[in-house]
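Visitor: Structure provided below as structure tokens; questions to follow.
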């Protein structure tokens, strides 16, 4: 496949490493339809299909919602990006790309996989939305320097072979004064320490044959799954030149109770919401970062 970069066409797949190609293939086979239990019983690429995916995604992201406003309005100031150039890294099935388009941002949304790009293009066609949807490797973005006002990425760049390279590419394509907001997995989370390190690493004996990173890779989604502390993630962005770096913790309710699925669902019902919310905002699985490119 070919993408435009500095008036030259380059073959993306030829530039990808073997590991990056494996990552691409995994996500092609496991797209972000939020259908872990295979209960999505509607035809693919229909309005019903996208509506159910969005319901599952946005219900789990309660921490990002602001009553009466579009989904993720606690984290995204949509009004600030109206008429502005916005880049989304990792479109999935296009849920947030569609909202950016509906809020009149000039959205370009990319994904490493062909399948995600197809889903998102189909969504945009069904809802008559305007956007630039491309299959592209974020480690080698096919855009000119200083193109975008805002770069957004939700749960993507920690699955790539070279996350630092992606952050440097984000910096390159941002205009001076531009902003970036991303989410990666939180190393200081209950999920990391209880489920991965204690349960899998110690109780199941995986530390006898696996490193910490190999355990993260094996028992998280994707081929690679990196977990960052706020300090580690901040260093990645500062190394690429970003300033005004800030991080906060958030996550899904299920992630702070590392129990079997059916037991966890019943258990959460009996826990007061303030307790669950405190755990989510202090030990949730998501680490959210905002940063700026100096003017």
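Visitor: Work out the FRET efficiency for residue 126 and residue 290 from their Cβ-Cβ distance, taking R0 = 30 Å, and round it to the nearest 0.05.
Guide: Numbers: r = 32 Å, r/R0 = 1.05.
Rounded to the nearest 0.05, the efficiency is 0.40.
Visitor: Shifting gears a bit: What is the fewest-to-most order of 99, 202, 89 by other Cβ atoms lying within 10 Å of their Cβ?
Guide: 202, 99, 89
Visitor: For segment 76-146, what is one quarter of the convex hull surface built on the Cα atoms, given in nm²? Can you show the working numbers first?
Guide: On the way: hull surface 18.2 nm².
Result: a mean projected hull area of 4.6 nm².
Visitor: To continue, here is another question. Starting from the Kirkwood Rh over alpha-carbon pairs, what translational D in µm² s⁻¹ does the chain have by Stokes-Einstein at 20 °C and 1.002 mPa s?
Guide: Details: Rh = 19.9 Å.
Translational D for this selection: 108 µm²/s.
Visitor: In whole Å, what is the distance between the alpha-carbon centres of segment 245-295 and segment 82-128?
Guide: Using only Cα atoms, the two centres lie 26 Å from each other.
Visitor: Then there is this: For the chain, what does -39500 (n - 2.57) per DSSP helix run (n ≥ 4), summed and divided by total residues, give at 222 nm, in deg cm²/dmol to the nearest 500? The partial results should precede the final answer.
Guide: Values: 10 runs with 100 residues, N = 295.
Computed mean residue ellipticity for the chain: -10000 deg cm²/dmol.
Visitor: What FRET efficiency would be calculated for the residue pair residue 25, residue 204, taking the C-beta separation as r and a Förster radius of 35 Å, to the nearest 0.05? It would help to have the intermediate numbers written out before the result.
Guide: On the way: r = 27 Å, r/R0 = 0.77.
In this case the efficiency is close to 0.80.
Visitor: Another one. To the nearest 0.05, how large is the calculated FRET efficiency for residue 172 and residue 269 if R₀ is 35 Å and r is the Cβ-Cβ distance?
Guide: Values: r = 47 Å, r/R0 = 1.36.
The calculated FRET efficiency here is 0.15.
Visitor: Moving on. Kindly work out what percent of the DSSP beta bridges joining two residues of the chain are antiparallel, to the nearest 5.
Guide: Numbers: 17 of 37 bridges.
So the antiparallel bridges in the chain amount to around 45 percent.
No value in this document is a laboratory result; all are computed from the given coordinates. If you're wondering where the values come from, they're calculated on a predicted model, not measured in any experiment. Please note: Cβ atoms are built from the backbone with ideal geometry, for glycine as well, and neighbour counts cover all protein chains shown.
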